[in-house]
1. Search the stretch 89-100 for residues being in a helix (DSSP H, G or I) and farther than 16 Å from Ile115 by Cβ, and hand back the single one that is modelled with the highest pLDDT.
2. Here is a list: Phe239, Phe312, Phe250. Which entry is over 20 Å from Arg94 (Cβ atoms), in contact (Cβ under 8 Å) with a residue 40 or more places away in the chain, open to solvent by less than 50 Å² (accessible area, probe 1.4 Å) and among the aromatic types (Phe, Trp, Tyr)?
3. For the stretch 22-45, how many residues are open to solvent by 50 Å² or more (accessible area, probe 1.4 Å) and within 30 Å of Asp126 (Cβ to Cβ)?
4. If I ask for residues that are at pLDDT below 85 and either more than 20 Å from Ala273 (Cβ to Cβ) or in contact with a helix residue (DSSP H, G or I) (Cβ under 7 Å, 6 or more places away or on another chain) (or both), which ones from the stretch 27-46 would you list?
5. Name the pairs whose Cβ atoms lie under 9 Å apart, with the first residue in the stretch 85-113 and at positive phi, the second in a helix (DSSP H, G or I) and charged (D, E, K, R), and 6 or more positions between them or separate chains?
6. From the list Ala190, Ala128, exactly one residue is loosely packed, with under 15 Cβ neighbours inside 10 Å, modelled with pLDDT of 75 or more and either within 30 Å of Val9 (Cα to Cα) or among the small types (Gly, Ala, Ser) (or both). Which is it?
7. Quick test of your reading of the structure: His261 fulfils all but one of (1) open to solvent by less than 10 Å² (accessible area, probe 1.4 Å); (2) in a helix (DSSP H, G or I). Name the failing condition by number.
8. With respect to Ile268, is the statement that it is within 18 Å of Ile54 (Cβ to Cβ), buried (at least 21 other Cβ atoms within 10 Å of the Cβ) and in contact with a His (Cβ under 7 Å, 6 or more places away or on another chain) true?
Amino acid sequence: MNAQITGKVLVSLAIGAVCLWFAVREVQGEELRSALALFNPWYLIPLVLISLTIQVFRAWRWQIELSPLARLPFVLLWQVIAVAYMMINVLPVRLGEPVRPVLLSWKTSLTVPAILGNWVFEKMMDAAAMVLFIHLTLVITDLPAWANRASAFSLALFVALLGLVIGFWLGGPTFFDSIIGRFLPGRARASCLRILTSARDGLSILPDRRLVAVVFVVTLLLWSLPILSSYVLILAFGFDIPAAAAFVIFVAIGIGTALPHPPGMVGIFQIAAVTALGLFGVDKAEALAYGIILNALQLITLVLQGAIALPFVGIGLGRLTRAAVDQPA
């Protein structure tokens, strides 16, 4: 492990420790035990099923994305997804990211660069879906009037920008000039054109426009599942708070995972839960208990799925770990 990766690992551990300290600060052990006792274990059944479904959707979406390159069996893609996400959660700072393209290239005739091009497209879809959910969260959450107006304006702006990207993808510079390009000065027009061209190149990974639309719809369904899981866990604890809280929790965790995080994202989930649920008046000890259960649920189900899939891919953890460390994500 080189010095750069070592530094990132140390930073991630420090961030996780700081987040966990802020989450548990002022919470007594007895308070936490009482809060954990509120959890109804019968809700583990739908929660585990949702977690399993998330991996199914990830594999299904990947199969759609890769269909122009190769017709790959769903079971193989699920196995690769399961192993890759196990590595992502076990290793710090998302060092496990390269496992997915590398492992798939080992198991098929596809090259790593071809798979990485698909990965970039997938991240574009994820980013668009995440921004959309962030805006929806702001719109449906009980905020001051000025904040609601700002959120609605921001959502409208995002939809307009998304329409511009789609229009440029379909119509090229002619569409751009007819809508906005002719109103911009030379340098601004050139900069905007470069950005839109990059976005179009990413979307062009899938030559069939219908496939792009299908992938985006599947992406929205995929990202709806963690929100559903957050809401079911709210029911499991019996919190008397609106469903909008599940969106806020999802956004808080999403923002937290953008930071360099430790293995299992320990600390990130807890501070996200405490912060998000605190907005709805949930006691800190109960919010911390919620974050602990949600974190444990994700980590255990992902690791178990990866452990089940690992023997079928026929490649050991040592080789996968070396691939993750040797190839930057």
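The values are calculated or read from the model by the stated rules, or taken from the named source; none is laboratory data. What you see is a predicted model; the values in this text were computed from it and never measured. Virtual Cβ from ideal backbone geometry, glycine too; neighbours counted across all protein chains shown. These accessible areas exclude ligands, DNA and RNA; they are computed on the full protein's heavy atoms, side chains included. Shrake-Rupley method; radii C 1.70, N 1.55, O 1.52, S 1.80 Å.
1. Asn89
2. Matching residue, one of Phe239, Phe312, Phe250: Phe239.
3. Final tally of qualifying residues: 4.
4. Within the stretch 27-46, Val27 is the sole residue that qualifies.
5. Listed by first residue and then by second, the contacts come to Val93/Lys8.
6. Going through Ala190, Ala128 in turn, the sole match is Ala190.
7. (2)
8. Spelling it out, Ile268 is indeed within 18 Å of Ile54 (Cβ to Cβ), buried (at least 21 other Cβ atoms within 10 Å of the Cβ) and in contact with a His (Cβ under 7 Å, 6 or more places away or on another chain).
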